[in-house]
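Comments concern the structure below.
FYI, it's all coordinate maths here, none of it is from the lab. For clarity, every value in this text was computed on a predicted model and none was experimentally measured. Positions of Cβ are backbone-derived with ideal geometry, glycine not excepted, and every protein chain shown enters the neighbour counts.
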Amino acid sequence: MIRPRVMVWDDDARLVGEIVSALDARGVDAVPLADRPLESGGAPSPNTDFAMLDVSLPRRGGLVFVPALADARIPFLFLSNSDDDALTTLAVETGAMACFHKPLDLHAVVASIRTWIARAAELENLRRERDSLLDALGRQRQIGTAVGVIMQRHGVSAESAFDALRRHARHERTSVAMLAKAVVTGTASVQPAQPVD
């Protein structure tokens, strides 16, 4: 079984050590970033599955990581020295799974991480399926529109128009969807076959 990889960033080296040990005991690899300067911490480590970030550090703390984590679709949580409700709300609004206040209940935090990683993987799979379906739907709409254009221009049936589109795409060594887009935008023209008397 592949061990999840968790980035841990906090200025308290002792706490980071405790978190790393607790994660390791539960079969999770941790990447401690206690001594990394804030300025160099703009991107997550390769193959990161989850991130734990101190939100309370100077210069907005772990919030500087949020755009990079969002781009990489890496789930994360915030650690905080403060029990300020506004900070918790801010953490949630940035997309954090949670905001835990120090001192931490490491058992509760670490026990939740595998669940969050699994949930994030499920959501990512659903997103990919949705994007794939939307892409397929868009291609079908484009093809339907191109068929309509060919029908109108040449006074042929939908079947003849689609057949012409498919035949032309094969001749041009391109996909029907790509040719359909070109027909719709007016950068390609498809001539249906002439009926045989």
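State the extension gain, in nm to one decimal, for the chain segment bounded by ARG170 and ARG153, taking 0.36 nm per residue of separation less the distance between their alpha-carbons. Provide the component values of the computation, followed by the final result.
Values: separation 17, 0.36 × 17 = 6.12 nm, distance 2.11 nm.
Using 0.36 nm per residue and subtracting the Cα-Cα distance, I get 4.0 nm.
Between beta-carbons, use under 13 Å as the cut-off and find the net charge around ARG127, counting Lys and Arg +1, Asp and Glu -1. Before the final figure, lay out the partial values.
Numbers: positive: ARG73, ARG119, ARG128, ARG130; negative: GLU122, GLU124, GLU129, ASP131, ASP135.
Residues near ARG127 contribute -1 overall.
Give, as a single signed number, the net charge of other residues whose beta carbon lies under 14 Å from the beta carbon of VAL184, with Lys and Arg counted +1 and Asp and Glu -1. Residues close to VAL184 contribute a combined charge of +4.
Looking at region 134-185, what % of the alpha carbon pairs are farther apart than 14 Å? Mind showing how you got there, number by number?
Details: 606 of 1326 pairs.
Everything past 14 Å amounts to 46 percent.
In sequence order, region 119-128 has phi-based couplings of 5, 5, 5, 4, 5, 5, 5, 5, 4, 5 Hz under the Karplus curve 6.51 cos²θ - 1.76 cosθ + 1.60, θ = phi - 60°, and Gly or Pro positions carry x.
To the nearest 0.05, how large is the calculated FRET efficiency for ARG119 and ARG26 if R₀ is 25 Å and r is the Cβ-Cβ distance?
Working: r = 17 Å, r/R0 = 0.67.
Efficiency at R0 = 25 Å is approximately 0.90.
Among LYS181, LYS102, sorting on how many other beta-carbon atoms sit within 10 Å of each Cβ, with the fewest leading, yields LYS102, LYS181.
Taking other C-beta atoms within 10 Å as the exposure proxy, THR185, THR145 rank THR185, THR145 from fewest upward.
Grab the Cα-Cα distance for ASP71 and ASP83, subtract it from 0.36 nm times how many residues apart they are, and report the gain in nm with one decimal. Walk me through the intermediate numbers first.
On the way: separation 12, 0.36 × 12 = 4.32 nm, distance 2.82 nm.
So the chain would gain 1.5 nm between ASP71 and ASP83.
Taking all Cα pairs closer than 8 Å and separated by 6 or more residues, the relative contact order of the chain comes to 14 percent.
Neighbour counting of Cβ atoms within 10 Å sorts the residues PHE78, PHE162, fewest neighbours leading, into PHE162, PHE78. Taken about its Cα centre, the chain carries a charge dipole of roughly 1080 debye when the Cβ of each Lys and Arg holds +1 and the Cβ of each Asp and Glu holds -1.
For region 107-123 versus region 168-191, the inter-centroid distance based on Cα atoms is 47 Å.
Restricting the calculation to Cα atoms, every distinct pair contributes to the Kirkwood radius of the chain, found to be 20.5 Å.
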